[in-house]
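Notes follow once the structure below has been shown.
The values are calculated or read from the model by the stated rules, or taken from the named source; none is laboratory data. All values derive from a computational prediction rather than experimental measurement. Here the Cβ positions follow ideal geometry from the backbone for every residue, glycine too, while neighbour counts run over all protein chains shown. Ligands, DNA and RNA are excluded from the accessible area calculation, which covers all protein heavy atoms including side chains. Shrake-Rupley method; radii C 1.70, N 1.55, O 1.52, S 1.80 Å.
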Amino acid sequence: MKSALFRRVPADPPHLKVCYEGQSFKVALKRRPTAKRITLRVSHATGEVVLTIPERTDVGLAQKFADSHGAWIASRLAKVPDRVLFEPGALVPLRGVPHRIVHWSSIRGLTQAARDSAGEPIIAVTGEATHVARRVRDFLEAEAKRDFALAVKKHTAQLGQPAKRITVRDTKSRWGSCSANGALNFSWRLIMAPPFVLDYLAAHEVAHLRELNHSQRFWKITYQLCPRTDEAEAWLKTYGSALHRIG
């Protein structure tokens with residue numbers, strides 16, 4: 001009896017497998033103490049399928065629920081646009097302008113934005129072909145860091161309140177954030193958006209240095225720093241999810 005009381009509960013699998021009409025889908029399993037019922041969603045941005053279950057729900061029940069929604073999963077995934085991979089020939093936006101990825105040379109050098117012989121914008125990548133995707137991403141992250149550093153410097157100077165530090169990451173749920181100690185974080189994917197969108201996100205998070213909320217005072221500061229706030233918000237609402245399908 002004593003050994004039964006201390007028997008270890010098996011950990012939840014990170015994913016469930018759902019099969020439907022010859023197709024196989026990977027479903028991420030998330031257990032949430034605050035969940036009241038089983039929910040299933042498909043991210044239009046990333047195509048990820050997520051099943052959220054309450055704390056005490058049995059994994060077997062979760063699997064049955066997922067299996068019963070195979071048709072629904074298939075129909076939702078069919079509506080998610082294909083990903084654009086970082087590979088030679090792919091068109092990737094840089095500051096809102098489509099650039100074609102070109103494997104420029106097998107000799108290692110700097111990845112850079114340039115123009116081909118016809119004058120078309122390209123991202124020229126050097127080194128081994130197998131490293132093209134990583135080099136493109138590294139290049140975009142570096143460009144994002146540079147642009148955000150300049151934008152934050154401009155807005156903090158206008159506000160008169162410095163940021164503690166600036167980082168860029170591949171965030172999924174938000175485009176930027178500001179911590180209580182003044183550290184700003186942004187999604188590197190915003191380097192693919194038009195410059196006024198990146199500038200708006202910088203202004204938005206800089207405004208949080210003064211107002212760590214979304215009060216009227218916060219929005220007043222944001223509009224003062226970035227008059228194109230409404231335009232940038234509209235752009236993100238319409239096109240923002242597409243940025244997560246690139247790379």
Radius of gyration, Dmax [segment 1-113; alpha carbons; angstrom]: 21.2, 69
About the Cα centre, charge dipole magnitude for segment 102-229 (Lys/Arg +1, Asp/Glu -1 at Cβ), debye: 440 debye
Interchain or long-range residues, amide H under 5 Å from residue 169's placed H: 186, 187, 188
All-pairs alpha carbon distance profile, segment 34-87, 10 Å steps from 0, percent: 22, 44, 25, 9, 1
MRE, 222 nm, helices only [DSSP H, n ≥ 4, -39500 (n - 2.57), over the chain, to nearest 500]: -11500 deg cm²/dmol
The chain: relative contact order in percent, alpha carbon pairs under 8 Å with at least 6 residues between: 15 percent
Amide H contacts of residue 31 (H built 1.01 Å from N, under 5 Å, at least 5 apart or other chain): 53
DSSP bridge orientation in segment 51-174 - percent antiparallel, rounded to nearest 5: 60 percent
Neighbour-limited loop hits for trypsin sites (Lys or Arg not before Pro), segment 126-177 (at most 15 other Cβ within 10 Å; DSSP other than H, G, I, E, B): 164, 172, 174
Helix axis angle, 216-225 relative to the chain longest principal axis, alpha carbon, degrees: 40 degrees
Rounded to 10°, Cα long-axis angle of helix 229-243 versus longest principal axis of the chain: 60 degrees
Whole-Hz ³J(HN,Hα) from phi, Karplus 6.51 cos²θ - 1.76 cosθ + 1.60, for segment 117-133, glycine and proline x: 4, 8, x, 7, x, 9, 10, 8, 10, 10, x, 5, 4, 5, 9, 4, 4
Heavy atoms of residue 212 accessible to a 1.4 Å probe, total area in Å² rounded to 10: 100 Å²
Candidates 142, 118, 180, ranked by Gaussian network fluctuation over the chain, Cα under 10 Å, top entry: 118
Listed pairs 30/145; 79/220; 26/172 exceeding 29 Å between Cα atoms: 30/145; 79/220
